[in-house]
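First up is the structure itself, then whatever we jot down about it.
Derivation of every value follows stated rules applied to the coordinates shown; laboratory data play no part. Values in this document were obtained by computation on a predicted structure and should not be read as measured data. Virtual Cβ from ideal backbone geometry, glycine too; neighbours counted across all protein chains shown.
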Amino acid sequence: MGLLGAAVVVAPAVAHAQPLDLFYERTVMKAADSRCDLFAPDVAQALAAAAAQAKGAALRSGVSADALNAIDRAARLKAAETDCHAPDMVTAASRVKQAFLGFSRIGRITYPGDVAAWQADRLDGPGSPWRLRQDAVFGADRMSFGLAGHGGLGALIAVARFADGDIPYGARLVLRDTNRSFGPYLDRPAAGPTAGLPLTKRLPPAGALTGILAEARSRAGGDLMASSENGWAFRFPSTAIRALAALDPREAVAVEFLFPGDRVRRAYVEVGDFAAGQAFVQMASR
């Protein structure tokens, strides 16, 4: 199919193309851009978001990580073997730029997952400060979690409302420790698609978990919450953003809200296309 077989390399939706084909095509062009400096920064960032989205879709459909690694190597080899000025390269780069003309006008995207979705918004206006958000309900309580702030990527924040008015003194992000594990832990009877697997079965055993404490707590402003009800906002350090983006999109993480008397309330978040959403949001600051 030449260097690039389709003109959808940066299109946000993957429903009408095979995830493996999209992952291969987008990886080829990312590698080619690194070597040949083909694209402006915004186009390169769009490619990064699109490649991450295609990878997540492939993994959730049941493609193994080993198979994706093999495709990644093949794509990078194809880009390395193609002359920067070859007709195939010029044609493929033109397709990417044309696709980006439409993509660059998109301000908001929903990245669906198996269980939950990320809402991405790179229109840094006076309204909601959320740049990337996933909502969760845990018991009678509810939480919004993601990146919030103005003038860039923002900070990783958890905003929670507790139905009984209880007040947590802290919060902790619980996730897989990549230094003590070889890959995601998915508690299922057999390999294959992960649709329908509860988020509670997407975290590893306690011995492979790590925790990142929130570095600040405050009353949640009305712009962070969907209603005027009282809530609490917790800000996590920037290391938590990098740790979350490095996880497998099929995994889950947990936000534990800490109360006096060693009481804990836990909300779950699907990792999903967090990395793709982060790349999309970063386009706004370039």
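In what sequence do 169, 268, 24, 185 fall when counting other Cβ within 10 Å, fewest first?
Numbers: 169 10, 268 21, 24 24, 185 18.
Ranked by crowding around the Cβ, least crowded first: 169, 185, 268, 24.
In nm, what is the difference between 0.36 nm times the number of residues separating residue 98 and residue 164 and their Cα-Cα distance?
Details: separation 66, 0.36 × 66 = 23.76 nm, distance 5.26 nm.
Roughly 18.5 nm would be gained on extension.
In what sequence do 55, 78, 201 fall when counting other Cβ within 10 Å, fewest first? Mind showing how you got there, number by number?
Details: 55 26, 78 18, 201 12.
Arranged by neighbour count, lowest to highest, 55, 78, 201 become 201, 78, 55.
Which length gain, in nm to one decimal place, applies between residue 258 and residue 140 when the Cα-Cα distance is subtracted from 0.36 nm times their residue separation? Don't jump to the answer; show the numbers that get you there.
Numbers: separation 118, 0.36 × 118 = 42.48 nm, distance 1.63 nm.
Taking 0.36 nm per residue and subtracting the Cα distance, the gain is 40.9 nm.
Along Cα→Cβ, 7 Å out, is where each label goes; now give me the distance between the ones at residue 187 and residue 245 in nm to one decimal.
3.0 nm
Counting only helical runs of four or more DSSP H residues, what would the 222 nm mean residue ellipticity of the chain come to if each run contributes -39,500 (n - 2.57) and the total is spread over all its residues?
Numbers: 6 runs with 89 residues, N = 286.
Value at 222 nm, helices only, nearest 500: -10000 deg cm²/dmol.
Please list, by residue number, every one of the trypsin sites (Lys or Arg not before Pro) in the range 95-160 that is coil in DSSP and has at most 11 other beta-carbon atoms within 10 Å. Walk me through the numbers on the way to the answer.
Values: sites: 95, 97, 105, 108, 122, 131, 133, 142; in loops: 105, 122.
Counting only loop positions with at most 11 other Cβ atoms within 10 Å, the trypsin sites (Lys or Arg not before Pro) in the range 95-160 are 105.
Using the Cα centre of the range 19-106 as the reference point, and only Cβ charges (+1 on K/R, -1 on D/E), how large is the resulting charge dipole? Debye, rounded to the nearest 20.
Details: 11 positive and 10 negative charges, 50 e Å.
So the magnitude is around 240 debye.
Which log10 I(q)/I(0) values does the range 62-160 give at q = 0.11, 0.19 Å⁻¹ under the Debye formula, counting every alpha carbon as one identical point scatterer?
Calculated log10 I(q)/I(0) at the listed q: -0.61, -1.01.
Using the alpha-carbon centroid of each, what span in Å lies between the range 253-286 and the range 76-99?
Measuring centre to centre over Cα atoms gives 36 Å.
Tell me the Kirkwood radius of the range 19-106: reciprocal of the mean inverse pair distance over distinct alpha-carbon atoms, in Å. Mind dumping the intermediate values first?
Working: mean 1/r = 0.0755 Å⁻¹.
Value: 13.2 Å, from the Cα pair sum.
Sort 210, 200 by Cβ crowding within 10 Å, fewest neighbours at the top. Let's see the in-between values first.
Numbers: 210 15, 200 11.
Least to most surrounded, the residues fall as 200, 210.
Give me P(r) over the range 145-286, computed from all C-alpha to C-alpha distances, binned every 5 Å, as integer percentages.
Going out from 0 Å in 5 Å bins, the range 145-286 shows 2, 9, 18, 20, 20, 16, 10, 5, 1, 0 percent.
Multiply the residue separation of residue 208 and residue 91 by 0.36 nm, subtract the distance between their alpha-carbon atoms, and state the gained length in nm to one decimal. Don't skip to the answer; put the middle values down first.
Details: separation 117, 0.36 × 117 = 42.12 nm, distance 4.64 nm.
This chain segment gains 37.5 nm when fully extended.
Once whole DSSP H runs in the chain are found, which of them have Cα atoms spread over 20 Å or more along the helix axis and a mean Kyte-Doolittle score of at least 0.0? Walk me through the numbers before you get to the answer.
Working: long enough: 19-36 (25 Å, -0.29); 41-60 (29 Å, 0.44); 65-81 (24 Å, -0.13); 87-103 (24 Å, 0.36).
Result, helices passing both filters: 41-60, 87-103.
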